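Scroll down for the structure; my scribbles are underneath it.
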Amino acid sequence: MPIHAPRMLMTAALACAASFLFSPSLDIIARAEDESVSTVGPRTTLFVFGPQLPFMFEIDGQRLDFRWSDLVTYGNTGLGGLEDGSGTVIGIDRQFWVADATDPVPRELTEEITPSGLVATFIPDNSVDLEASVDLEALQPILDDAFGNTGTYAYMFRITGVVDALAYQLTGPVPDGSVVETVAGGNSQTAMTIGTEKFLLENKAVTLIGLRAPEYMNGVLQTPYRIHFITDDRSALGQVTDLMADNLKVEWTRINALNIHMWDVTTAGQ
C-alpha cells in the first residue's frame, strides 16, 4: 500500500484478535504463536527480561542480571542493552548481534550480560510500503496510524530499506535527574538519548527492529518507541536516535501477551 505523504492516514487489516493474556498454569510454557496455550488461538508473546529502564527500579541486595546466551532461546527477534548501558543488542531471524562504543563493529553475542532485553518470535501479519521521505519524527505517527490501537497494545515491527542518513547510539544515558524527569513525563524514548554519544552513517541498506509500547507500560518498556538497527553488510548497529529515508517496507504484528522476568537478587555478604 503506497504512502505519498509523511502524515497521511493509513488503514491496515489487523489479523490478530486475541487480547492480553497471562496463563495461570505453571505447566504451560507460553511460546509465541502457540495455539495450544489457550482456546483464543495464536498470539505473539513478548518476553521481557528486566524492565527496559533498570535504573528506575531499586532493589535490596545485589541484582543478578541476565545472560544473553540464555535469552536468545526465547525467540527469533530481540533488542536490548548490555550491563551498565555499555552496549546495544539486536536480534534478527535467530542471529543476535552486539556492539559498543569501544568495539562498534557488530559481533555475535556470546556470554554478555544484560539488565534488560526483549525477545519474541516475530511473525509479521501486516505490511506496508512507505514511498514518502521521512525522518524519525514523521515516521512515528505514520506507524501509529497503521498499527491501530496503540493506547492498549504493544507492537513489534521490522523496517527494511536504504537510509539516506541514520543517527544512533551505542550506550545508554547516565541516570541523572533530567533523564528520570523525562521518563516520568512519559517520553522515555527521548530520555534514553540524553547525554549519549551519537554516531552517523549514510546511504546504507539496513534492517530496523522496533517495539511500539503504550504509555501505561512506561518504565517496564521504553515508550512510545524503541528502535534498533543493523546494516545489511553487518558493519554497524545501534539504537536509532534519528533517520532520513524513503521507500521503506514496514512489517508488524501485535503483541498479545507479556511474559515478564524480574532480576534475581542475592544478599550474600550483607
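Based on this model, can you work out whether Val240 counts as touching a strand residue (DSSP E or B) at 6+ places or on another chain (Cβ under 7 Å), open to solvent by less than 20 Å² (accessible area, probe 1.4 Å), more than 24 Å from Glu83 (Cβ to Cβ) and assigned to a strand (DSSP E or B)? Taking the combined requirement at face value, the residue does not satisfy it.
Out of Arg212, Arg234, report the one residue that is open to solvent by 20 Å² or more (accessible area, probe 1.4 Å) and touching a Leu at 6+ places or on another chain (Cβ under 8 Å). Please lay out each step first, then the result.
Values: Arg234 fails: touching a Leu at 6+ places or on another chain (Cβ under 8 Å).
Unique residue meeting the criteria: Arg212.
Against the definition (in a strand (DSSP E or B) and either within 18 Å of the chain's Cα centre (by Cα) or modelled with pLDDT under 95 (or both)), how does Gly41 come out, yes or no?
no
Scanning region 229-258 for residues that are more than 22 Å from Ala138 (Cα to Cα), modelled with pLDDT under 95 and among the polar types (S, T, N, Q) returns a single hit, Asn256.
For beta carbons closer than 7 Å, sequence separation of 6+ or different chains, a first residue in region 184-201 that is without any contact (Cβ under 8 Å) to a residue 60 or more places away in the chain and a second that is surrounded by fewer than 16 Cβ atoms within 10 Å (Cβ to Cβ) and in a loop (DSSP other than H, G, I, E, B), the qualifying pairs are Gly195/Val174. Is it the case, given these coordinates, that Glu202 is open to solvent by 40 Å² or more (accessible area, probe 1.4 Å), assigned to a strand (DSSP E or B) and more than 17 Å from Glu137 (Cβ to Cβ)? For Glu202, the condition - open to solvent by 40 Å² or more (accessible area, probe 1.4 Å), assigned to a strand (DSSP E or B) and more than 17 Å from Glu137 (Cβ to Cβ) - is met.
Taking region 105-123 as the range and being closer than 21 Å to Met156 by Cα and either open to solvent by less than 50 Å² (accessible area, probe 1.4 Å) or hydroxyl-bearing (Ser, Thr, Tyr) (or both) as the test, the residues that pass are Thr114, Pro115, Ser116, Gly117, Leu118, Val119, Ala120, Thr121, Phe122. Scanning region 187-196 for residues that are open to solvent by 20 Å² or more (accessible area, probe 1.4 Å) and within 20 Å of Pro214 (Cβ to Cβ) yields Asn187, Gln189, Thr190. Could you check, for region 131-143, whether at least one of its residues is at pLDDT 95 or above, open to solvent by less than 40 Å² (accessible area, probe 1.4 Å) and in a strand (DSSP E or B)? There is at least one residue in region 131-143 that is at pLDDT 95 or above, open to solvent by less than 40 Å² (accessible area, probe 1.4 Å) and in a strand (DSSP E or B).
May I ask you to say which residue of Asp60, Asp84 is part of a loop (DSSP other than H, G, I, E, B) and surrounded by fewer than 19 Cβ atoms within 10 Å (Cβ to Cβ)? Give the steps one after another, and end with the answer.
Details: Asp84 fails: part of a loop (DSSP other than H, G, I, E, B).
Only one candidate passes the filter, namely Asp60.
Within region 161-186, being in a strand (DSSP E or B) and surrounded by 16 or more Cβ atoms within 10 Å (Cβ to Cβ) holds for Gly161, Val163, Leu166, Ala167, Tyr168, Gln169.
For region 87-102, filtered to residues that are surrounded by fewer than 23 Cβ atoms within 10 Å (Cβ to Cβ) and polar (S, T, N, Q), the residue that is nearest to Thr223 (Cα to Cα) is Gln95.
The values are calculated or read from the model by the stated rules, or taken from the named source; none is laboratory data. Just so it is clear, the model here is predicted, and its values are computed rather than measured. So basically every Cβ, Gly included, is an ideal-geometry build from the backbone, and we count neighbours across all protein chains shown. Each accessible area value is taken on the protein alone, full model and side chains, heavy atoms only, with ligands, DNA and RNA left out. Shrake-Rupley method; radii C 1.70, N 1.55, O 1.52, S 1.80 Å.
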